[in-house]
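Novice: Got a structure for you, questions after.
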Amino acid sequence: MTAARYAAEAARVAHEDLLVFINACFACTGQREFYSDGHQQTVAIAFLHDYIRGNYRRLYARTLAAGINDYNRGRIIEGLLTSSRGLAPAERAEEGALIAAALAELPPQRAYRVLVACARGRVNNRRTRALIAEYLGQRRDLVFDAVKYRGKLRLLARHAHLRLPGELPRFLARGWHAARYATPLLDAFRRAHYSREAVYELPYSIAEGLAAKHGIDRATFLAKIAPRMTAGERLRLQRAAARADARVDVDLARAPLTRLALYVLGL
């Protein structure tokens, strides 16, 4: 085989490998589906990630910008951060920029999950710590994150040696056991552990667990927490409210387009 023919064959194999990988990154979610269960999907996609990262690392990193689903973006970020030894400075800089952009676009629960996995895996290099600091520094409401993702934020702050602003260090250390907080959301969360009425001062996604803890009736809870819901939450909870014989008004003009389409399809 001539050198030119060998190069052409290698390029063809690479194209096929990448096509299979990118298709999988659009389709695979790691969850149970019609043809396979979640475990089978996880094993198969893990092999693909390891293979592509080991053979085409630069293209693997650039897949983050290809519009793939959040599950696989999370896997790529974790894979890159846990295997960065020996990278050239230019490669490290490009990967860092791609990872930072992808983290900013991920839903917060998934971004926190990826970063926590790196911290628990003792990925303690300077790049990972810098990415954690950059991600947390860009969060619009770190107080809300502290309440909703308290354990995760505490772990990341400790791992990256961060000094968080205001009352956040005390809240992460003591939670609702402190005497009081000046920050309204932190103090509402503290009081909600002892007072049913304080539950309704919290955003819906935080209040739901505390309502269950207090044994609050579902219909009562949905009706009284409705003013604290986002447009997306109001739309998503229409069926749950109907089953509980509660009313949650929704302004369809303010609802996210994707959620609105899913709601219409489910009618």
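Novice: Quick one: if the Förster radius is 51 Å, what FRET efficiency do ARG239 and ALA3 give, using the C-beta to C-beta distance and rounding to 0.05?
Specialist: The computed FRET efficiency comes out at 0.20.
Novice: By how many nm would the segment from ARG85 to LEU59 lengthen if fully extended, with 0.36 nm per residue of separation less the alpha-carbon distance?
Specialist: 7.6 nm
Novice: Hey, another quick one. Sort out for me the Cα centre separation of segment 151-166 from segment 47-76, rounded to whole Å.
Specialist: Each part's Cα centre sits 28 Å from the other's.
Novice: For the peptides 138-148, 209-219, what is the packing order when you average, over each peptide's residues, the other Cβ atoms within 10 Å and list the highest mean first?
Specialist: 138-148, 209-219
Novice: Could you pull out which residues in segment 120-138 have an amide N less than 19 Å from a spot 7 Å beyond the Cα of ALA100, following the Cα-Cβ vector?
Specialist: 124-138
Novice: Sort the following peptides by mean Cβ neighbour count (other Cβ atoms within 10 Å, averaged over residues), highest first: 6-19, 46-59, 103-116.
Specialist: Sorting 6-19, 46-59, 103-116 by mean packing, highest first, produces 103-116, 46-59, 6-19.
Novice: With +1 on the Cβ of every Lys and Arg and -1 on the Cβ of every Asp and Glu, and nothing else charged, how large is the dipole of the chain about its Cα centre, in debye rounded to the nearest 20?
Specialist: 920
Novice: For segment 1-158, build the charge dipole from Cβ charges (+1 Lys, Arg; -1 Asp, Glu) around the Cα centre, then report which of ALA146, LEU80, ALA44 sits farthest towards its positive end.
Specialist: After comparing all options, I get ALA146.
Every read-out reported here was derived from the displayed coordinates using simple, explicitly stated rules and does not represent laboratory data. Worth saying up front: this structure is predicted, and the values here are computed from it rather than measured. Please note: Cβ atoms are built from the backbone with ideal geometry, for glycine as well, and neighbour counts cover all protein chains shown.
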